[in-house]
1. When T318 is evaluated against the numbered criteria (1) among the β-branched types (V, I, T); (2) assigned to a loop (DSSP other than H, G, I, E, B); (3) surrounded by 23 or more Cβ atoms within 10 Å (Cβ to Cβ), which criterion, by number, is the only one it fails?
2. Select, from T400, T407, T374, the only residue that is closer than 25 Å to T9 by Cβ, modelled with pLDDT of 95 or more, among the β-branched types (V, I, T) and out of contact with any helix residue (DSSP H, G or I) (no Cβ under 9 Å at 6 or more places or on another chain).
3. Of these, A305, A350, which one is small (G, A, S), under 28 Å from L46 (Cα atoms) and surrounded by 14 or more Cβ atoms within 10 Å (Cβ to Cβ)?
4. Would you mind finding the one in L26, L2, L46 that is farther than 29 Å from V177 by Cα and touching a Pro at 6+ places or on another chain (Cβ under 6 Å)?
5. Can you pull out every residue in the stretch 239-265 that is surrounded by 14 or more Cβ atoms within 10 Å (Cβ to Cβ) and hydrophobic (A, V, I, L, M, F, W, C)?
6. Could you check, for the stretch 408-417, whether at least one of its residues is in contact (Cβ under 8 Å) with a residue 24 or more places away in the chain and among the acidic types (D, E)?
7. Would you mind stating whether L314 is in contact (Cβ under 8 Å) with a residue 60 or more places away in the chain and outside the structural domain of Y43 (by TED's automatic domain parsing)?
Amino acid sequence: MLKQSHLFTHTKKEAPKDEVSKNAQLLIRAGFVHKEMAGVYSYLPLGLRVLTHVERIIREEMDAIGGQEIRMATLHPADPWKKTGGWDAIDVLFKLKSRTDNEYALGQSEEEIVAPIAQEYAFSYKDLPIALYQIGQKYRDELRAKSGIMRGREFGMKDMYSFHTSQEDFDTFYEVVKKSYITIYERCGLTAKVTEASGGSFSTKISYEFMVLTDAGEDMILYCETCDYCINEEIAKIKEGDACPKCAKSSLKSGKASEVGNVFDLGQKYAKAFEFMYTDEKGEKHYPIMGCFGIGVTRLMGVVAEALSDEKGLVWPTELAPYSFHVLPLLGKDADVNARIMKEVDTLIATLDRKENGVLFDDRTDMSAGARFTDAELIGIPTRIVISEKSLEKGGAEVTNRHDGTTTIPSLESLTA
């Protein structure tokens, strides 16, 4: 339980004038993040709790499919980047030079680090496949950092790298990861479309992006409402209104979407760059097939803030909310009634704080009810519970669902059962 009077952040009536994205405006107003500069944000207590929940969901799903978590360096030597050609080819790479004139890069991805790590331990076909992932910070020299925490120069990311003995094995693992990703997004309250896209600088092959329809999106996609066909408009040879090439049952629709994850088939590019080979059953040497599976952790939080919010503020899905319950006592002028209200509140909090994700207790009884309700709606905790003289007269507490706005008055006994 956290008393709201002890929370060092406070809500703001107005968003910073230099923020145009909905997610940044709401997250700053509600006290979840603090902007340091364009594309760089600090995460405050409420925001960090949300981010931690996103990471927990991702860890649970990656562990469930055999991923092994590691923590890789973010300060990279220049040599591996030069071996792969990324040093000169990747324009968003932050490059540093030390006082001793040694060159370094800030990690914008980890292929150059993870391939040599895997190389030290995977000698035989018996050592493969392996899937290594991390959740950590990334850095990209974006020319125009925008869209709040959805596109930054510093951001949190989950990246997993897999190594396989065959293309078939990679394709099989991709299907496993795809299902896991869909589950992650569903647990975060989102519906993502698996979208065909170009491989960009990571791969010459077709890659797949996971897109969520939102007006804040930076991509245009064509999708079918009957089947799961979806493609990024940039590489499409079809257009809106054309028949779906997969099911032929519906016309394709166009919409703005935001990327929340991606999958790259990296082939043997990085294995060859580092002369990473394994020995098969016959004793012959081969380069492994490598895959990359990314989820922008902070970006995902931003997309949730964009897609699920309303005109009153943030609306957090159950698994991401900083707290499960927001408890507000409303006191009046009668000391005896107030004492009863606070006794019921103490009993309720003692019970709810042991459940799920705990309680944010709005103990700021010197503020008006209207101001406190406005704060609660802006912060967006799923369940608001108000105990007042009026609710006690009706035999319980006033419980409001932030998702649909419905209010019920269950008995206090049912809430503390």
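The values are calculated or read from the model by the stated rules, or taken from the named source; none is laboratory data. Since this is a predicted model, take the numbers as computed values, not measurements. Cβ: placed from backbone, ideal geometry, glycine included. Neighbour counts: every protein chain shown.
1. (3)
2. Every option except T374 fails the conditions.
3. Values: A350 fails: surrounded by 14 or more Cβ atoms within 10 Å (Cβ to Cβ).
After applying the criteria, what remains is A305.
4. On the way: L26 fails: touching a Pro at 6+ places or on another chain (Cβ under 6 Å); L2 fails: touching a Pro at 6+ places or on another chain (Cβ under 6 Å).
Of L26, L2, L46, the one residue that is farther than 29 Å from V177 by Cα and touching a Pro at 6+ places or on another chain (Cβ under 6 Å) is L46.
5. Across the stretch 239-265, the qualifying residues are C244, L252, A257, V260, V263, F264.
6. no
7. The answer is yes for L314.
Residue-wise test of (1) small (G, A, S); (2) under 29 Å from V50 (Cα atoms); (3) surrounded by 15 or more Cβ atoms within 10 Å (Cβ to Cβ); (4) touching a helix residue (DSSP H, G or I) at 6+ places or on another chain (Cβ under 7 Å).
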residue	(1), (2), (3), (4)
D63	no, yes, no, no
A78	yes, no, yes, yes
D88	no, no, no, no
L106	no, yes, yes, no
Y133	no, yes, yes, yes
M150	no, yes, yes, yes
F155	no, yes, yes, yes
